[in-house]
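The values are calculated or read from the model by the stated rules, or taken from the named source; none is laboratory data. In this text the structure is predicted, and so the values were computed from the model without any measurement. Cβ sites come from the backbone with ideal geometry, for glycine too, and all protein chains shown count toward neighbours.
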Amino acid sequence: MEFIDALTIALSKGRIFEQTLPLLAHAGIEPRDDPAATRKLILATNLPRVKLVIIRAADVPTYVQYGAADLGVAGKDVLMEHGGAGLYEPLDLRIARCRMMVAGVPAADLGPDRLRIATKYVASTERHFAAKGQQVEIIKLYGSMELAPLVGLSDLIVDLVESGNTLEANGLVPLEPIADISARLVVNKAAWKMKHAAIMALLGVLREAVEAPVGADQ
Ligand code: PRT
Ligand code: MG
């Protein structure tokens with residue numbers, strides 16, 4: 001398909017890129033390079049008007065919010081932390097799925113106030129415990145949350161859980177669900193108006209790809 005307007009799409013390397021690729025292919029968009037094999041941050045595609053920018057997962061909403069990219073693909077976890085200012089979130093792409101969970105050692109006590117919780121999801125954690133009327137102390141980490149309860153840094157963690165293998169390997173168990181997570185298409189609010197035709201066209205084919213029965217695309 002051809003697009004009336006130039007479009008810049010923000011993606012992160014890894015699972016988001018890999019799982020978005022078949023959806024973009026459905027829209028006739030194929031990157032010229034593989035981000036795993038190049039150091040380029042701007043990838044041309046087979047369509048001269050469409051390019052991809054490859055950034056950290058947590059930065060995708062910011063690039064789209066400020067219009068540095070017209071659209072992007074971001075995990076719901078990342079969007080819950082970002083807050084969604086300046087963005088529309090028109091489509092659940094149903095990829096990169098997992099759950100945000102409270103986790104800890106088996107039989108950990110979730111009851112007492114002033115529990116210490118290590119996480120990179122500060123806003124989501126605050127909201128979750130505030131909704132239960134529970135005061136907690138949040139310790140912000142940038143990775144390897146599973147380590148925190150093992151070395152006495154925190155009582156509990158909040159992290160993403162897919163298979164549960166990472167928790168299990170560290171003697172931890174999921175204790176309480178916070179949210180079901182999947183990747184969402186996000187669109188800059190100004191681009192939504194200014195590039196309406198191109199964005200609607202892309203949104204339409206992506207929706208079709210998402211809703212197509214498994215194995216029925218192409
Ligand atoms: O890795 P990097 O530091 O660059 O950034 P990132 O971790 O934000 O990016 P990436 O590419 O790892 O994740 C991008 C998005 O994928 C996240 O924002 C989520 O929306 C989604 N996603 C889906 C996941 C997982 N599944 C997932 N399992 N992101 C991370 N994990 C990690 C999780 O944090 C834990 O360490 O995998 C581990 C748990 O997996 P299991 O299978 O052992 O339970
Ligand atoms: Mg990661």
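Sort out which residues of region 34-52 are more than 16 Å from ligand 2 (Cβ to nearest atom) and surrounded by 18 or more Cβ atoms within 10 Å (Cβ to Cβ), and write them in order of number.
The answer is Leu43, Thr45, Val50, Lys51, Leu52.
Output the residues belonging to region 137-168 that are touching a residue at least 12 places away in the same chain (Cβ under 8 Å), more than 7 Å from ligand 1 (Cβ to nearest atom) and small (Gly, Ala, Ser).
Result: Ala148, Ser154.
Taking the criterion of being within 16 Å of ligand 2 (Cβ to nearest atom), among the charged types (D, E, K, R) and out of contact with any Asp or Glu (no Cβ under 6 Å at 6 or more places or on another chain), would at least one residue in region 114-122 satisfy it?
yes
For Val73, are the conditions met, namely being within 13 Å of ligand 1 (Cβ to nearest atom), modelled with pLDDT of 95 or more and surrounded by 20 or more Cβ atoms within 10 Å (Cβ to Cβ)?
yes
Looking at (1) of a type outside the set (Asp, Glu); (2) away from ligand 1 (no atom under 11 Å from the Cβ); (3) surrounded by 20 or more Cβ atoms within 10 Å (Cβ to Cβ), which one does Arg94 not meet, given that it meets all the others?
(3)
Anything in region 54-68 that is outside any helix (DSSP H, G or I) and under 13 Å from Thr20 (Cβ atoms)? List them, or say none.
Passing the criteria: only Ile54.
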